[in-house]
1. Could you go through segment 168-176 and let me know if any residue there is within 29 Å of ASP147 (Cβ to Cβ), in contact (Cβ under 8 Å) with a residue 60 or more places away in the chain and small (Gly, Ala, Ser).
2. Take the residues in segment 192-235 that are among the polar types (S, T, N, Q) and surrounded by fewer than 17 Cβ atoms within 10 Å (Cβ to Cβ); name whichever of them is farthest from the chain's Cα centre (by Cα).
3. So which of LEU120, LEU101, LEU89 ends up being in contact with a His (Cβ under 8 Å, 6 or more places away or on another chain) and of a type in the set (A, V, I, L, M)?
4. Taking segment 75-107, which residues are at pLDDT below 90 and in contact with a Ser or Thr (Cβ under 9 Å, 6 or more places away or on another chain)?
5. So in segment 191-211, with the set limited to residues that are assigned to a loop (DSSP other than H, G, I, E, B) and either touching a strand residue (DSSP E or B) at 6+ places or on another chain (Cβ under 8 Å) or of a type in the set (A, V, I, L, M, F, W, C) (or both), which one is farthest from LYS25 (Cα to Cα)?
6. Looking at (1) among the aliphatic types (A, V, I, L, M); (2) assigned to a helix (DSSP H, G or I); (3) modelled with pLDDT under 95, which is the only condition VAL176 fails?
7. Tally the residues that are of a type outside the set (Val, Ile, Thr) and closer than 18 Å to ARG165 by Cα, restricting the search to segment 3-37.
Amino acid sequence: MSNLSKKITIAVDGFSSTGKSTLSKQLAEALGYIYVDSGAMYRAVTFFALSHGYIGADFFEKDKLIAMLPQIHLRFKKDAEWVKAHIFLNDVDIEREIRSLEVSEFVSHIAEIPEVRQKLVHQQQEMGREKGVVMDGRDIGTVVFPDAELKIFMTASAKVRAERRYAELLHADEKVTYQQVLNNIEERDFIDTTREDSPLIKAADAVEIDNSQLNIKEQFDLVYHLAKERIAAVN
């Protein structure tokens, strides 16, 4: 058995719009691993809350959302025509809907709820039980997989991240301004790093990568090399 045929768990954490999903998908494909977008799961719950009128600009009925959590069933499904797996909420494909700025504006508030985190962390741990998984999010290396063999923590300046996210939203025909996107990113940074339950922090043994000045290939090459080193070190 070659070293690369051995399986490890790779956790990719970091701030919003740092390209965690892009990197994780590339890495999973190169290694033949399963990719899990944990952020999509929180976005799906946020979409559910918005659709049912549990959250808005000036209200948040947390108790109603918590009571409905047993009715929220999430799964990822991959079709040959899709670049990546789509997330399904109660058997409905909502991959496009969860990427809107409206969902982005509320997802950090949803992710603050301990009951939501408990439900999704349990699902995520089940997905990674057999190793051979690349999962990205905010607390993968600290809470979901604290024993992951490779932990990456990604960061970049808020300005750079806002420019990237703004371009993505324009490409998706979202009617937004750059300032709206920047404000959203700065607010999410604050909420993610200051929440009481599983705040966004760098794991002590994580490798920090600031990709403000890195292109996608440079970023991938760097992390792929780290992954091969960690896989080779598996006994």
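1. Scanning segment 168-176, I find no residue that is within 29 Å of ASP147 (Cβ to Cβ), in contact (Cβ under 8 Å) with a residue 60 or more places away in the chain and small (Gly, Ala, Ser), so the answer is no.
2. ASN235
3. Values: LEU120 fails: in contact with a His (Cβ under 8 Å, 6 or more places away or on another chain); LEU101 fails: in contact with a His (Cβ under 8 Å, 6 or more places away or on another chain).
Matching residue, one of LEU120, LEU101, LEU89: LEU89.
4. Scanning segment 75-107 gives a single hit, LYS84.
5. ALA204
6. (2)
7. 12
Conditions tested, residue by residue: (1) closer than 18 Å to GLY14 by Cα; (2) of a type outside the set (D, E, K, R); (3) at pLDDT below 95.
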| position | (1), (2), (3) |
| --- | --- |
| ARG165 | yes, no, yes |
| LEU169 | no, yes, yes |
| ALA172 | no, yes, yes |
| LEU182 | yes, yes, no |
| ILE191 | yes, yes, yes |
| LEU200 | yes, yes, yes |
| ILE209 | yes, yes, no |
| PHE220 | yes, yes, no |
| VAL223 | yes, yes, no |
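The values are calculated or read from the model by the stated rules, or taken from the named source; none is laboratory data. Predicted model, so just to flag it, every value in this text is computed and none were measured. Heads up, the Cβs are rebuilt from the backbone with ideal geometry, glycines too, and the neighbour counts pull from every protein chain shown.
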